[in-house]
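Report on one structure; see the data block that follows.
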Amino acid sequence: MKISLNWIKQYVDTDLPPKEVARRLTMAGSEVKGVQVIGEGWEGIVVGRITAVNPHPNADRLTLVTINLGSSEETVVCGAPNVAVDAMVAYAPVGARLINPHTGGQETLKSAKIRGVVSNGMACSEKELGISDDHTGILILPEGFEVGRLLADCLGDVIFNMDVTPNRPDCLSIIGLAREVAALTGGTVHLPDASYEETDELIDNHISIEIEAPDLCPRYCASLIKGISIGESPRWMQERLISYGMRPINNIVDITNFVMLEYGQPLHAFDYEKLAGRKIIVRRAGEGEEIVSLDGVERVLGSNMLVIADAERAVAVAGVMGGANSEVTEETTTILLESASFNPRSIHYTGRTLDMPSEACMRFERGISPELTMPAIKRATQLMAEFGGGQVVRGIVDVYPGRVEPQPVAVTTGEVKRVLGVEFSREQIEGTLTLLGFECRPGSSESEVVATTPYWRSDINIPVDLVEEVARIIGYDEIPTTMLSDPIPRQTTEPIIGLKRKLGESLTGYGFYEIISDPLVNLEILNRLYPESHSPASSPLRLANPMTIMHEYLRPNLRICVLTAMVNNRHAEGPVRLYELGKVYLPRPDDLPDEVEMLCGMLGGPRSEMSWQAKTDKAVSFDFFDAKGIVEGLLTRLGVNARYEPSTDETLHPVKQAAILVGGRQIGVVGELHPAVTEAFDIPDPVYLFEISLPELLPFTHEYRLFQQIPRFPSMLRDIALVVDAGTAYQKVVDIIEGFPLVTQVSLFDVYSGDQVPPGKKSLACRITYQLPDHTLTDEEVNKVEQQILGKLSRELGATLRS
Amino acid sequence: MREKLEELLAKARGEIAGIDDGKDLESWRIRYLGRKSELTNILRGLATLSLEERKAVGARANEVKTLLAEVLQQKTEELKRESAQQSLRVDDALLARGDVTLPGRPYPVGRLHLITQTINEMCEIFASMGFQVVEGPEVEWDYYNFAALNFPEEHPSRNDYSTFWVDWKSPNPKGPILLRAHTTSVSARVIESMEPPIRVVEPGKCYRYEAIDATHGEVFYQLDGLAVDKGITMADLKGTLYEFARRYFGEDRRVRFRCDFFPFVEPGVEMAIECIICHGEGCQLCRGEGWLEILGAGMTHPEVLRRGGIDPDVYTSFAFGIGIERMPMLRYGVDDLRLFYGNDLRFLKQF
């Protein structure tokens, strides 16, 4: 919102520099995001009047313009098409600082010979002065400025770019901001005189107003102005509108807009002659009722929207936009002026549903006091009489079914201290509130202030609202800075947070980069993870209002996001190791979805960075056992024992995948991505994945464990090479060996198939560690167990010793 | 016998002088001192000698054994010394491969995401002030995102929290279902479920229906904080936030508290820090203001406490909400929010 400081100063006197006014407003809650000084750097530029325009002797498109500056006259060379004798212009002498319209930069004006004629200074365009981007001609000033006066004194202004918070509709007006400035500077606000002459006719003879929906319209005021002639509004009013960023239209529309900006009360002018039955009815729209709004668009209304209707049809969407059927036009002579109060929720709903944001809507939906309707309609009526050439019919119709007596709010010095942590005296509190327009009286106790809220402050309802008023006007800087002094509450740690930290520590140690992805995904891309069924087992949650179909569904798994990141990094050199720890969202009937914390990691590319120590130049790629090794490392670090079994995850290579089992439950999966999947994602090389559900893993990660004595007696190592069927799982071999006493560890150090073993067989070379806590083992003891192991392996798996 | 012994001693001494590696020395040891050595044979043969001879030869044989052992010991040490010297000697091979400026064997390096690092750092700062980390759902009831936080329905205060709605029906009166627009929803749940005294911070993902650009994303992270107890004041809020800013942005960074509006607090606060580039002089980053807004806060609105079952006449409370991306953006000069969730290794490897 662009606010002219000159305009504010029309209602409140302040000598503070603009930046200080801006700072105080900002600190008190109405943020000034930018301060634009119009006229900054206009040193030496003065108002002049053109006294002669002569042709340039050497150029057809240039003229020699003589400008009267009061005490002197200068002749300049000018290329603008709009020079004319008697026009008021801005004259810049040599040495003035102007904006170069071609480069946008500031330059010092030099004396120049243009086509053989010396130009002593120049007449400026709006662009050269930095007022606007207009460079089609020179700036022609309105009449009334004194010749020779500094331009900065005539046109200079300071524009605040403001952000007003939604609780302060009163600050969406110049007078509201003037009240803030007054409270922050100790000044007083003077309102414009809004008195006018009235005719002898009574308004009640010309219009009747009926509110059928008082819940949505607490007050409706109307005045009637006859004999209007539509024309331009006065220049000063147009300038005020332009300073805010509004386009002047005609005197009537401009006055309604001007008063809206001045007071904050939206107004609407109807062409009285177009209203059927001399009637205004404020009612709910019929379901499907249609109206063509002022912008020419046909709108279909619903029964929870409010319309202003005449005896026959809707003539406006209340508080949102007028109807074309009652619009003020060139021919209009009688105006029915509306100043009403509407239910803010209803206006918000209507504006949002019809997608018709407007200045009026923005004010109504923030909740304007019904009390504002009367001062605003008087001011606008006065201006219409003065600048519309009209006569005002006696009286203002005022239908006010929603009158509410203001409820005073009480606050004590104790409450102020309880919230702010600092003591303010009753006098300080009262003084501050009085500055803001509250009427204060003593309460039931010495420390209590009872404040009646001024009508324009719809945001004050409870004592703490008054506390904020005191704090923000006195200044938050006055509140001390202390540390919490109450005892630290009892802490309980969510175990999953600790688990996430540990996983992150391990994975980054293994060379993984953590990624974080947008959990909103595209369904078609998601379906590429399922080369057989072409869709996930249960359909993911969909957004009702996605920004784009690329982000339409909540991810049902994490692998889609990690894989997307692998795709994005497929041109990276060296190994790519990525993981994400994040939620997946699984729908539950009638409830919020189950948000499951997952870990998903992926690896691709060469196993290590290029190195001069590598035996060959050809880098070795990751394989399944890299991914599995990482899972084993992660789980070992957490003290979790896992088993691995072949699994059937559709996204993974049918053979190169395993379920991760802990305590008999599957907590995750590890494997190579199905070649059809990597192809669908346009990744040339294999990608390996591991995925673990944190809630499934968590119960097995308890840190509690018992200390084991460090063995005092030496262990004995024996290597055996077993020949088994190629299809026999190593896990079965280990299970048998580890089932024997004395055996403390089994390590596999070679797997072989080929010429040295019979076809269909493989050789597994294992190192078995034997140990007892109470004595050093003898060969005989170990031999005995080893024989038993071999016997059982032979019986159950048909294993033989490799010769 | 005696001559044989002397001969043996001389021969052994002669041979060992020429030995220059450990393997030869070991075969020397076996030859002269081993179980099957000549000396052992002589010692074993003593039994066949007369008592006198046995005494004389035996004594000398043991002397010879000791002498040989001494020689062996000397030679062993000599070889060890030589080998140590050898390993320090520089030759061409060592010059080539022993160049200490050659790169080391690469060990993999990984990192936590910058957002995770930031959350961890922030949580540590608040933990040291007694705040406990809690988490809550991202897919949330309308109630905890809005109504419980004193956002009236059809109110423009909701306009800044443009919401993604989830296409999922539920008869729950707390519905409909949405993607939370701020982590303040977790505060609403905490107020409802925990007993005072409370001090928590709530980091997490949030979602807003906003076109994605350099400073807006449909996904972003927030960290909300909440303290509830008897006697908590706005001075405590200022102190807590000041301490946070001091520790995250540096010792002498000035901060500014100004009035702002959020439906769930009263009085409302916005905190800014002195611009990290211009130190308050005014520059492009701070749009000439000298200050950078970093968070919103305030004293929890009595209505919010009441709806959560906490008596606002007994307890006071403060709350704050910090946009997490903004912290590293300011600290490291990251100029585009999209970099955080683009997962480009060239970005990830920098932090």
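The values are calculated or read from the model by the stated rules, or taken from the named source; none is laboratory data. Everything numeric in this text was worked out from a predicted model, so none of it was measured. Counting neighbours? That spans all protein chains shown, and the Cβs are built from the backbone with ideal geometry, glycine included. Heads up: the accessible areas ignore ligands, DNA and RNA and are worked out on the full protein's heavy atoms, side chains in. Shrake-Rupley method; radii C 1.70, N 1.55, O 1.52, S 1.80 Å.
Select from the stretch B:124-138 the residues that are at the interface with chain A (Cβ under 8 Å from one of its Cβ atoms) and of a type in the set (Asp, Glu) and write down the one among them that is surrounded by the most Cβ atoms within 10 Å (Cβ to Cβ). Ranking the candidates gives B:Glu138 first. The criterion of at least 1 residues that are farther than 30 Å from B:Pro137 by Cα and within 12 Å of another protein chain (Cβ to nearest Cβ) is met by the following strands (runs of 3 or more DSSP E) wholly inside the stretch A:560-646: A:576-586, A:594-604.
Would it be correct to say that B:Thr66 is assigned to a helix (DSSP H, G or I), more than 60 Å from the chain's Cα centre (by Cα), polar (S, T, N, Q) and modelled with pLDDT of 85 or more? Yes. One residue alone among B:Val334, B:Val304 is more than 9 Å from every other protein chain (Cβ to nearest Cβ) and in a helix (DSSP H, G or I), and that residue is B:Val304.
Pairs meeting the criteria (first residue in the stretch A:164-176 and outside the structural domain of A:Leu466 (by TED's automatic domain parsing), second residue among the aliphatic types (A, V, I, L, M) and assigned to a helix (DSSP H, G or I), beta carbons under 8 Å, at least 6 apart or on different chains) are A:Cys171/A:Leu177; A:Leu172/A:Met362; A:Ser173/A:Met260; A:Ser173/A:Leu261; A:Ile174/A:Ile8; A:Ile174/A:Leu261. Can you confirm whether the stretch A:506-526 contains a residue that is open to solvent by less than 60 Å² (accessible area, probe 1.4 Å), among the polar types (S, T, N, Q) and outside any loop (DSSP other than H, G, I, E, B)? So far as the stretch A:506-526 goes, yes, one or more of its residues are open to solvent by less than 60 Å² (accessible area, probe 1.4 Å), among the polar types (S, T, N, Q) and outside any loop (DSSP other than H, G, I, E, B).
Exactly one of these conditions fails for A:Ala276: (1) touching a helix residue (DSSP H, G or I) at 6+ places or on another chain (Cβ under 9 Å); (2) of a type in the set (A, V, I, L, M, F, W, C); (3) surrounded by fewer than 19 Cβ atoms within 10 Å (Cβ to Cβ). Give me its number. Going through the list (1) touching a helix residue (DSSP H, G or I) at 6+ places or on another chain (Cβ under 9 Å); (2) of a type in the set (A, V, I, L, M, F, W, C); (3) surrounded by fewer than 19 Cβ atoms within 10 Å (Cβ to Cβ), A:Ala276 breaks only (1). Among the residues of the stretch A:179-207, those identified as open to solvent by less than 50 Å² (accessible area, probe 1.4 Å), at pLDDT 95 or above, among the aliphatic types (A, V, I, L, M) and more than 38 Å from the chain's Cα centre (by Cα) are A:Ile203, A:Ile207.
Counting only residues that are open to solvent by 40 Å² or more (accessible area, probe 1.4 Å) and of a type outside the set (A, V, I, L, M), the stretch A:84-129 holds 17 of them. Annotation note: of B:Thr40, B:Thr48, B:Thr66, the sole residue that is β-branched (Val, Ile, Thr) and surrounded by 13 or more Cβ atoms within 10 Å (Cβ to Cβ) is B:Thr40.
To keep it simple, each residue is scored yes or no on (1) farther than 19 Å from A:Asn257 by Cα; (2) over 35 Å from the mean Cα position of the chain (by Cα); (3) surrounded by 24 or more Cβ atoms within 10 Å (Cβ to Cβ).
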| residue | (1), (2), (3) |
| --- | --- |
| A:Ser303 | yes, no, no |
| A:Val317 | no, no, yes |
| A:Glu330 | no, yes, no |
| A:Leu336 | no, yes, yes |
| A:His348 | yes, no, yes |
| A:Glu386 | no, yes, no |
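How many residues, within the stretch B:69-91, are surrounded by 11 or more Cβ atoms within 10 Å (Cβ to Cβ), within 17 Å of B:Lys23 (Cβ to Cβ) and either in contact (Cβ under 8 Å) with a residue 12 or more places away in the chain or of a type in the set (S, T, N, Q) (or both)? Step through it out loud before you land on a result.
So the first thing to find is which residues in the stretch B:69-91 are surrounded by 11 or more Cβ atoms within 10 Å (Cβ to Cβ), and the list is B:69, B:71-72, B:74-76, B:78-80, B:82-83.
Retained after the next criterion (residues that are within 17 Å of B:Lys23 (Cβ to Cβ)): B:72, B:75-76, B:78-80, B:82-83.
Next, from what is left, pick out any that are either in contact (Cβ under 8 Å) with a residue 12 or more places away in the chain or of a type in the set (S, T, N, Q) (or both): B:72, B:75-76, B:79, B:82-83.
Summing the residues that are surrounded by 11 or more Cβ atoms within 10 Å (Cβ to Cβ), within 17 Å of B:Lys23 (Cβ to Cβ) and either in contact (Cβ under 8 Å) with a residue 12 or more places away in the chain or of a type in the set (S, T, N, Q) (or both) in the stretch B:69-91 gives 6.
Please enumerate the residues belonging to the stretch B:92-109 that are away from chain A (no Cβ under 14 Å) and either of a type in the set (A, V, I, L, M, F, W, C) or open to solvent by less than 60 Å² (accessible area, probe 1.4 Å) (or both).
Our first condition is that a residue be away from chain A (no Cβ under 14 Å); within the stretch B:92-109, this holds for B:92-95.
Within the stretch B:92-109, B:Ala93, B:Leu94, B:Leu95 meet the criteria.
When the strands (runs of 3 or more DSSP E) confined to the stretch A:256-319 are screened for residues that are in contact (Cβ under 8 Å) with a residue 40 or more places away in the chain, those reaching at least 3 such residues are found at A:268-271, A:279-284. As a summary of the residue check, A:Ala213 satisfies the conditions (1) assigned by TED's automatic domain parsing to the domain that holds A:Phe364; (2) assigned to a helix (DSSP H, G or I); (3) of a type outside the set (Lys, Arg); (4) open to solvent by less than 10 Å² (accessible area, probe 1.4 Å) except for the one numbered (2). Considering A:Glu31, A:Glu20, A:Glu40, the condition of being open to solvent by less than 30 Å² (accessible area, probe 1.4 Å) and within 14 Å of chain B (Cβ to nearest Cβ) is satisfied by A:Glu31 alone.
Working carefully through the options B:Ala227, B:Ala245, find the one that is touching a Leu at 6+ places or on another chain (Cβ under 8 Å) and within 12 Å of chain A (Cβ to nearest Cβ).
Values: B:Ala245 fails: touching a Leu at 6+ places or on another chain (Cβ under 8 Å).
Result: B:Ala227 is the single residue among B:Ala227, B:Ala245 that is touching a Leu at 6+ places or on another chain (Cβ under 8 Å) and within 12 Å of chain A (Cβ to nearest Cβ).
Taking the conditions (1) farther than 27 Å from A:Pro773 by Cα; (2) open to solvent by 20 Å² or more (accessible area, probe 1.4 Å); (3) polar (S, T, N, Q) in turn, A:Gln657 satisfies each one other than (2).
Picking from residues in the stretch A:452-483 that are open to solvent by 30 Å² or more (accessible area, probe 1.4 Å) and facing chain B (nearest Cβ under 7 Å), the one that is nearest to A:Pro442 (Cα to Cα) is A:Ile462. Taking the criterion of being within 9 Å of another protein chain (Cβ to nearest Cβ), open to solvent by 10 Å² or more (accessible area, probe 1.4 Å), among the acidic types (Asp, Glu) and within 25 Å of A:Val596 (Cα to Cα), the only residue of the stretch B:139-167 that qualifies is B:Asp167. Does the stretch A:593-600 contain any residue that is in contact with an Asp or Glu (Cβ under 6 Å, 6 or more places away or on another chain) and without any contact (Cβ under 8 Å) to a residue 12 or more places away in the chain? The answer is no, given that none of the residues of the stretch A:593-600 is in contact with an Asp or Glu (Cβ under 6 Å, 6 or more places away or on another chain) and without any contact (Cβ under 8 Å) to a residue 12 or more places away in the chain.
Which residues, counting only those in the stretch B:193-224, are of a type in the set (A, V, I, L, M, F, W, C), away from chain A (no Cβ under 11 Å) and open to solvent by less than 10 Å² (accessible area, probe 1.4 Å)?
Listed by number, the residues that qualify are B:Val201, B:Cys206, B:Leu223.
Only one residue in A:Arg352, A:Arg299, A:Arg379 is more than 30 Å from A:Lys226 (Cα to Cα) and open to solvent by less than 50 Å² (accessible area, probe 1.4 Å), so which one is that? So that I can check it myself, show each step before the final result.
Details: A:Arg352 fails: open to solvent by less than 50 Å² (accessible area, probe 1.4 Å); A:Arg379 fails: more than 30 Å from A:Lys226 (Cα to Cα).
That would be A:Arg299, the only listed residue that is more than 30 Å from A:Lys226 (Cα to Cα) and open to solvent by less than 50 Å² (accessible area, probe 1.4 Å).
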